[in-house]
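The structure appears below as structure tokens.
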Amino acid sequence: MTSVALLRWLSLMAVSMVICMLMAANFGAMPLSIRTLWHAPLSDMVWQIWLNIRLPRVLLAVLLGMALAVSGAVMQGLFRNPLADPGLLGISSGAGLAVALAIIVPVALPPILALWLPMLAAFIGSLVVTLLIFSFSRLALGNLSRLLLVGIAINALCGAAVGVLSWISNDQQLRQLALWGMGSLSSAQWPSLTVCALLILPTLIAIQTRARRLNLLQLGEEDAHYMGIDVKRTQRQLLVLSALLVGTAVSVSGIIGFVGLVVPHVMRFCLGSDHRWMLPGSALAGAILLLLADTLARTVVIPAEMPVGLLTSLIGGPWFLWLILRQQRGINE
């Protein structure tokens, strides 16, 4: 596919994302049409709902969709494994355990530090598990089965630890943990959105500037080294950046699975495996997918709301099974 065709694809996806944002901001328990907003004064309730509830949530869905999809694309490139995903490998669970600790264990902090505490905890948790997985990946020489087994073990351990924390928590903490564990964007507010934007957008740009080096890593560490790449340094940088994306997303929304698995696969099929194009494509597609899933979660059971993490799992579960079957068919042939 030529560069012009790839640019057209990305432009079309960007326009689609803007259309989805406009639609998502107007759908909900109280539909808000553009005509209604146009004729209402800024002090009217409809504008307050749109500006303080709908718009932060829509922008948060865009940011988190981009973060999850790009982190999945980076990990699949870094591990050279199409099944690498923050959820399957236990990275989201590690971030989740760290956030659960931050919720349950009382720590007296100034308000500004208290706002950043969940994100800091999630980043540390995701980074520790990412480094652990990467070490196991090198020891297993890319063996897929062992890597997935390590991910399953980490998920089980983190799940058990969160279970213990839930058991010793009070009613308010237990409800907070339960809602957060299912993945939801209902806590979207301008302060948390601002913090997310400050962390996610520079990280996405930093990853995009390393897209060419990520391409060269697909040739193998030795070949990448002979082509002038500092392999260890590039791997460390990409691991930290990817963990930062996952940690930020998990700290705000809880665990939203399979976005990082499904989206990079679709983009690799549509745009090819060149990360210079695949990464921005994954960002746009991840934003669209999470926008659509969150809009559906808000509207399908009005006036209640379904956790968006359940919807993405309903989409991603069958997709993951299809990937396993396709890979097994390739081995048999």
(request) With a ≥ b ≥ c taken as the square roots of the eigenvalues of the C-alpha gyration tensor of segment 1-134, please select rounded if a/c is under 1.5 and otherwise prolate if a/b is larger than b/c or oblate if it is not? (result) oblate
(request) Note down the magnitude of the dipole of the chain about its Cα centre, charges +1 on Lys and Arg C-beta and -1 on Asp and Glu C-beta and zero elsewhere, to the nearest 20 debye. (result) 400 debye
(request) Would you mind checking the tilt of helix 275-299 against the longest principal axis of the Cα atoms of the chain, expressed as 0 to 90 degrees and rounded to 10? (result) 40 degrees
(request) Measure nothing fancy, just the Cα-based angle from helix 3-26's long axis to the longest principal axis of the chain, in degrees from 0 to 90, nearest 10. (result) 30 degrees
(message) Let me spell out the model: positive unit charges on the Cβ of Lys and Arg, negative unit charges on the Cβ of Asp and Glu, origin at the Cα centre of segment 177-244. What dipole size does that give, in debye rounded to 20?
(response) 140 debye
(request) Can you tell me the relative contact order of the chain? Whole percent, Cα pairs under 8 Å, sequence separation 6 or more. (result) 32 percent
(request) With only Lys, Arg, Asp and Glu charged, each at its Cβ (+1 for the first two, -1 for the last two), find how big the charge dipole of segment 166-316 is about the Cα centre; round to the nearest 20 debye. (result) 240 debye
(request) Have a look at Val263, Ala206, Ser282 and report the one farthest towards the positive end of the charge dipole of segment 158-295, computed about the Cα centre with Cβ charges (Lys/Arg +1, Asp/Glu -1). (result) Ala206
(message) In Å², and per residue, what accessible area does the chain have when probed at 1.4 Å with the other protein chains present?
(response) 49 Å²
(request) Would you mind telling me the share, in percent, of accessible area of the chain contributed by carbon and sulfur at probe 1.4 angstrom? (result) 70 percent
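The values are calculated or read from the model by the stated rules, or taken from the named source; none is laboratory data. A quick note: this is a predicted structure, and the numbers were derived from the prediction, not measured. Every residue, glycine among them, receives a Cβ derived from its backbone with ideal geometry; neighbour counts consider all protein chains shown. Just so you know, the surface numbers come from the protein's heavy atoms only, side chains and all, with ligands and any DNA or RNA stripped out. Shrake-Rupley method; radii C 1.70, N 1.55, O 1.52, S 1.80 Å.
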